[in-house]
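A.B. asks: Would you mind keeping the following structure in view while I ask a few things?
Quick note: the coordinates plus some simple rules give every number you see, no bench work behind them. Keep in mind that what you see is a predicted model, and the values were worked out from it rather than measured. Positions of Cβ are backbone-derived with ideal geometry, glycine not excepted, and every protein chain shown enters the neighbour counts.
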Amino acid sequence: MSIKLEGGFKIFWSTWTGRVGLALLIILTGVSLYTVTALPVAEISSQWNNPQYWVDYPKSGPPAWVNLFSEKKLLETTTLIASSVQLSGNTKSIDLLYDYRADTYPSYLTLAVEKLRYTGTPPVLVLTIVRPDGYSVEAARLTVPPPRPGESPPILRFEQAPERILISSSDEFARNLAQLYGDRFDMLVSPNRILQEGPQRYLMGTPREDSITPLNGVYRFTLTAIQSTGETSIERVRILIGGEAYGVMGTDVIGRDLATGLLLGFPISLFIGVITSVIVTGIGATLGLVSGYMGGRIDNIIQRLADFVNNIPLLPILIFLVFSFGAKLWIIIFAFVAFGWPGLTIVTRSIVLQLRETQFIESARAVGASRLRILARHIFPHIAPFIIAQIIFFTPSFILLEAALSFLGLGDPSLPTWGQILELGFRSAAVYLGYWWWILPPGILIIITSLTFVMISLGLEPVVNPRVRGRTRA
Amino acid sequence: MEEVIRLENVKKYYEVRSGLLGSKILKALDGVTLSIRKRETVAVVGESGCGKSTLGRVSLRLLDVTAGKVVFKDQDISRMKEEELRAKGFRKKMQIIFQDPYSSLNPFMRIGDIVAEPLEIHGYRKEEIREAVYRALEDVKLVPPEEFVNRYPHELSGGQRQRVNIARALVLGPEYIVADEPVSMIDASSRAEILLLLKSIRDSREMGVLYITHDIATARYVSERIAVMYLGEIAETGLTASVLKTPIHPYTILLLNSVPEPDPANRRKKRPVIRGEPPSPLNPPSGCKFHTRCPVATERCRIEKPALIEYLPGHFVACHRALEIMSGAVSVT
Amino acid sequence: MNEALTVEGLKVYYRTEKGTVRAVDDVSFSLARGESLAVVGESGSGKSTLGLTLIRALPANASIVSGRVYINGEEILSLSLSDFRRRYSWRVISMVFQGAMNSLNPVLKVGDQIAEPLIYNGGASRGEAQRRAMDMIELVGLPREFYYRYPHELSGGMRQRIVIAMSLVMNPRILILDEPTSALDVTIQAQIINLVKDLIEKLSLSVMFITHDLALASDIADRIMVMYGGQIVELGSAERVLGEAPKHPYTEKLLASIPRLRGETIPEFIPGRPPDLASPPPGCRFHPRCPYVFDKCRSEEPPLFKVGEGHVARCWLHGE
């Protein structure tokens, strides 16, 4: 068997489809392994449909790298983070710097404070922003709740969830900005108008010829704790400057990071494709073996069953199953398996029927080999290469089938598959709105993954089917 | 001498579907009686479709018997099930060598494993197996054995593969072997080697051999007795020398005449032929089955089936005109 | 000019996983008009490759390394394939392939399969083609109504007759027969051989008869060409090669290995196996199996020595 395999690989490797397919498969597997090991897969998939989790992300934002190719520079979402902040003694404040270089304004500004501890009097946190032109404005003021009866210092606050202040919709901030514009630029704008147009526009802009233009440069965000006695420490402070562009692959309509979703799609697609294919092939081939070798009534029953199942249309059954049991991944895989085996059973049976007539099988019978031995030692090795090829051949069809199902809204919504990302994109009219980053990558990934397996099967074709190989005659 | 296998009036019928609903009976073997003794080779000669391969497989009980008896050393095995044949050791004592040296060896197995398989199946110990495999390979002149055990069938020539087949058949120490056209797919220059090997092994191991062939010339060198078959029946049988020297059945005479010899004069004359083709076994002729092609057939041959009668010592013929042919009153050619 | 076919220095190699296989290695011979030449050899001798080369039907992994083939004085290997097919295939040279009787199209009437080249290659009308196909069916000894039969309704011998009719339908002058009877019983074989003899005479064909069986070759051949390991080892008239003592040890042993029905000789065999054409032995290719081998055979390859009138043998026994 080993010689045969070695030779088989040589033949496989001599085809360009085999080489390209194998290279792609290694890349796909690599990405999947990276995703599974390096990303918090469980957390992401449990939070995937929770809009709260994605609140800080820009909505329908294109990838950040589009700035490299376009004239107008879109603002990239940036998070300023300070960890383990100690506000005590003389240093009651910390500074975070933000270099603003873009032609558009941030879409929002938030401040998040996570796990604050204090002793003494409850502190008041004040965030002030110093613009590149030297003017400063108070952006937010957060009063930390006092100790409850029975609580003893240090007092822990904002423990369950971070305290989040949406600066860009704060009345207070708008008023402060109106005052700044009146004092410094002699420009009268009402706080209401500032709120309507977005305070961040006034914060990061400067008046020029009756309109506001972006003021690029370094902005200093200063967080100060006002406290008469005691100390304050904060585990994490985040200032989020919401842009329009985000990350490598952009975001969807509820702000989900498409790069994460697409990465998760790798192992899920491979899993669905390979697992389903292995199970389908295993069941199909086993039934075919039994049917072909046993013959008689067992053969009849299996073949009639195969004919019957083969003629049931899969889609209505799937719709029915999804309606009755809900859209769960295992239901979908079960349906694929339950309706995918007949084709292979029929083919395997015909191969076995041919093998059964060969002389080496008769020879095994003549020396008294049992049926089981003949199946395992003589028939199985002959159909094994065919079975392996079938697994690979079936894989893309299940990946495509799952994508198609998801696209019809019949997929398991708890898992971000490429099909689902596509489906939501179409449902959100991404095509008409020109959100190409939402539609193209999942589509291309589905195609590439399918092509990978198709190319490997093409490369395997001459190995499994010697008639395709260059014939020799002497 | 001791008899190894005896077939008594063996019949093998198949039901063949014809048309939409109908089915016909195909009589592959229609009452064949034959026995083979220890150290004896009986050649069964005939054209394709005459039932000679079926005869071999029925005698080994690789096929079921429709009627009649298959007796192996006084034990009737005609109705035994596969499990019983295995359990009672008959599968060890009867073996077959196949025609096609290419499809009769599992291409995924090494030569050593192919020869060892029968022993494994019958529960021999590892050391015994190794020793027996080496001895069998030596017996068939695949020497040194260690050079062959790890090779695969595709690395061997047709003649070498056929010797692997023989080794596999021999390894369990059988007393009866069916050799089904063992040299017809081997290069002409190696045929005699295989045939002589078979003969010497038969002698040293005291086996009985059923040699199935379409080539009556090879039968001359390996067999003591010959049975000529036509459409599932024996037309003529007897000592090889007797049948070849004084063939009596018109079919045997014509068959012998159609075998070419390398002679440059051949091209100046026509080969003697048997007219027509063998009739379909689904629709065999009445009376003597050969009458449709027989140059000396009479009205009687069309109606009455001739019995197999001993005309010369140990030489049986199924022909109504045997006496006339023997006396020279009628000439077949 | 009396030659129907001349082959000069032909070399045909196959590219395989094992390396380059020299299937035909420097073969030269000619076939006179109306002559029958038997090409005799065992598996791997290059005899079938030779036939395929002459009708330009080699598989893709084969290449003609060198050599020229003249038919009626024109070199045909340098013609474009479409040119060759238009002018030579079927109408000048045709071939009955080994096993062709088992590769007839099962869903077409055999008559239509015979008529096909007449319509697509010969520009005949349907009616004409059908009439001609029926003539051919009659010529090979079958009733005209067999035109309407399907392959599965015919026996092996009848199918072989149909295949021969196909090869002759465009009235070629040269016919190559590759083992036309190897799958048939002796009694049917004799019928087919008699038919071929008749056809050669009636149509005055030049025939190249490829076979592994010397006895069968003697039935048809005026001259016999014995091939071994891709080379001609002996070539001469049938009377000389078969009648008098053969001049090459391989021919001699091949003759001796034929089991005979008459006479007292016991068939011999040639020990060993045919050479691996990917790495043939040095010197004479037959030397590892030759009973008369001496030192020179192991190191130097013998040329074809003239051993009689029109009779050559590739053996140092006949040289210095």
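A.B. asks: Positive end of the charge dipole of chain C (Lys, Arg +1 and Asp, Glu -1 on Cβ, about the Cα centre): tell me which of C:VAL107, C:LEU10, C:ILE200 has its Cα farthest that way.
C.D. replies: Comparing the listed Cα positions along the dipole, C:VAL107 ranks first.
A.B. asks: What does the charge dipole of the range B:3-245 about its Cα centre add up to, to the nearest 20 debye, if the Cβ of each Lys and Arg holds +1 and the Cβ of each Asp and Glu holds -1?
C.D. replies: Computed about the Cα centre, the dipole is about 440 debye.
A.B. asks: Under a no-solvent Debye model with one identical scatterer per Cα of the range C:1-132, what's log10 I(q)/I(0) at q = 0.20, 0.21, 0.22 Å⁻¹?
C.D. replies: -1.27, -1.33, -1.38
A.B. asks: From the backbone phi of the range A:157-172, what are the Karplus-calculated ³J(HN,Hα) couplings (6.51 cos²θ - 1.76 cosθ + 1.60, θ = phi - 60°) in whole Hz, Gly and Pro given as x?
C.D. replies: Along the range A:157-172, the couplings run 10, 6, 8, 5, 9, x, 7, 10, 10, 7, 4, 5, 10, 8, 4, 4 Hz.
A.B. asks: A follow-up question, please. Would you be so kind as to identify which of A:ILE312, A:SER370, A:GLY61 lies farthest towards the positive end of the dipole of chain A, taking Lys and Arg as +1 and Asp and Glu as -1 on Cβ and the Cα centre as origin?
C.D. replies: The Cα lying farthest towards the positive end belongs to A:SER370.
A.B. asks: Using amide H atoms built 1.01 Å from N in the peptide plane, name the residues 5+ places from B:VAL4, or on other chains, whose amide H lies under 5 Å from its own.
C.D. replies: Amide H neighbours of B:VAL4, under 5 Å, 5+ apart: B:ILE36, B:ARG37, B:LYS38.
A.B. asks: Once the Cα atoms of helix B:188-205 and of chain B are each reduced to a long axis, what angle between those two axes, in degrees from 0 to 90 to the nearest 10, is obtained?
C.D. replies: 70
A.B. asks: Compute the normalised compactness of the protein assembly as shown: alpha-carbon radius of gyration over 2.2 N^0.38 Å, N being the residue count.
C.D. replies: In units of the globular-protein estimate, the protein assembly as shown measures up at 1.37.
A.B. asks: Give me the one-decimal Kirkwood hydrodynamic radius in Å for the range C:100-171, with the sum taken over alpha-carbon pairs.
C.D. replies: Evaluated over the range C:100-171, this radius sits at 11.7 Å.
A.B. asks: Moving on to the next point. What does the convex hull of the Cα atoms of the range A:64-242 come to per residue, in Å³, rounded to a whole number?
C.D. replies: Normalising the Cα hull of the range A:64-242 by residue number yields 128 Å³.
A.B. asks: Moving on. Read phi for every residue in the range C:307-313 and hand back ³J(HN,Hα) as whole Hz from Karplus 6.51 cos²θ - 1.76 cosθ + 1.60, θ = phi - 60°, with x for Gly and Pro.
C.D. replies: Here the 3J(HN,Hα) series is 10, x, 5, x, 10, 10, 8 Hz.
A.B. asks: Could you list, in their original order, any pairs among B:LYS141/C:LYS296; B:LYS93/B:LYS141; B:LYS11/B:LYS52; C:LYS47/C:LYS197; C:LYS247/C:LYS306 whose Cα atoms are separated by more than 18 Å?
C.D. replies: Correct reply: B:LYS141/C:LYS296; B:LYS93/B:LYS141; C:LYS47/C:LYS197.
A.B. asks: Just to confirm my numbers, what's the Cα centroid distance between the range C:101-121 and the range A:167-188 in Å?
C.D. replies: Their Cα centres are 95 Å away from one another.
A.B. asks: Tilt of helix C:186-203 relative to the longest C-alpha principal axis of chain C, in degrees (0 to 90, nearest 10)?
C.D. replies: With rounding to tens, the tilt is 80 degrees.
A.B. asks: If you place +1 on the Cβ of every Lys and Arg and -1 on the Cβ of every Asp and Glu, how big does the dipole about the Cα centre of the range B:96-184 come out, in debye to the nearest 20?
C.D. replies: So the dipole magnitude of the range B:96-184 works out to roughly 140 debye.
A.B. asks: Related question: How many angstrom lie between the Cα centre of the range C:138-154 and the Cα centre of the range A:10-60?
C.D. replies: When both Cα centres are located, 65 Å separates them.
A.B. asks: Sorted from largest to smallest, which semi-axis lengths in Å does the alpha carbon gyration tensor of the range B:79-214 give for its equivalent ellipsoid, taking the root of 5 times each eigenvalue?
C.D. replies: 22, 19, 14
A.B. asks: At R0 = 35 Å, how high is the FRET efficiency between A:ASP186 and A:THR79 if r is their beta carbon distance? Nearest 0.05 is fine.
C.D. replies: Efficiency for this residue pair is about 0.50.
A.B. asks: Post the alpha-carbon centroid distance, the range C:255-313 to the range A:366-427, in whole angstrom.
C.D. replies: 57
A.B. asks: Along each principal axis of its Cα atoms, how long is the range A:319-408 end to end? Whole angstroms, biggest number first, please.
C.D. replies: Largest first, the range A:319-408 extends 56, 23, 16 Å along its Cα principal axes.
A.B. asks: What lysines sit close enough to A:LYS59 to cross-link, taking a C-alpha to C-alpha distance under 18 Å and skipping anything fewer than 8 places away on the same chain?
C.D. replies: A:LYS73
A.B. asks: A follow-up question, please. With unit charges on the beta carbons (Lys and Arg positive, Asp and Glu negative) and the dipole taken about the Cα centre of the protein assembly as shown, which residue among A:ASN192, A:ILE167, A:PRO462 sits farthest to the positive side?
C.D. replies: In the protein assembly as shown, that residue is A:PRO462.
A.B. asks: Running a GNM on chain B with Cα contacts under 10 Å, which residue among B:VAL296, B:VAL222, B:VAL209 ends up with the highest mean-square fluctuation?
C.D. replies: Most flexible of the set in this elastic network: B:VAL296.
A.B. asks: Computed over the Cα atoms of the range A:145-285, what is the ratio Rg over Rh, Rh following Kirkwood?
C.D. replies: Ratio value, two decimals: 1.20.
A.B. asks: Same structure, new question: So what are the ³J(HN,Hα) numbers for the range C:145-162, from phi and the Karplus equation (6.51, -1.76, 1.60; θ = phi - 60°), rounded to whole Hz, Gly and Pro as x?
C.D. replies: 5, 4, 3, 8, 7, 9, x, 5, 7, 10, 7, x, x, 5, 5, 5, 5, 4
A.B. asks: Could you tell me, in Å, what Rg and Dmax come out for the Cα atoms of chain C?
C.D. replies: Reported Rg and Dmax, both Å: 20.4, 67.
A.B. asks: Would you pull out the residues with amide H under 5 Å of A:ALA140's amide H, same chain only if 5 or more places away, H placed 1.01 Å from N?
C.D. replies: For A:ALA140, whose amide H was placed from the backbone, the distant partners under 5 Å are A:LEU127.
A.B. asks: If you don't mind, another one. Kirkwood Rh over Cα pairs of the range B:3-245 into Stokes-Einstein at 4 °C, 1.567 mPa s: D in µm²/s?
C.D. replies: Taking Rh from Cα pairs, D becomes 70 µm²/s.
A.B. asks: Right, something else. Rounded to the nearest 20 debye, what is the charge dipole size of the range A:352-474 about its Cα centre when +1 sits on each Lys and Arg Cβ and -1 on each Asp and Glu Cβ?
C.D. replies: 800
A.B. asks: P(r) of the range A:226-309 in 5 Å steps, Cα pairs, percent per bin?
C.D. replies: 3, 10, 10, 9, 8, 7, 7, 7, 7, 7, 6, 5, 4, 3, 2, 2, 2, 1, 0
A.B. asks: If Rh is defined by the Kirkwood formula over all Cα pairs and Rg also comes from Cα, what ratio Rg/Rh do you get for chain A?
C.D. replies: Ratio value, two decimals: 1.17.
A.B. asks: Enter the angle in degrees (range 0 to 90, nearest 10) between the Cα long axis of helix A:329-340 and the first principal axis of the Cα atoms of chain A, meaning the one along which they spread out most.
C.D. replies: 20
A.B. asks: Given a 10 angstrom Cα cut-off, can you work out which residue in B:ALA116, B:ALA87, B:ALA227 is the most mobile in a GNM of chain B?
C.D. replies: B:ALA87
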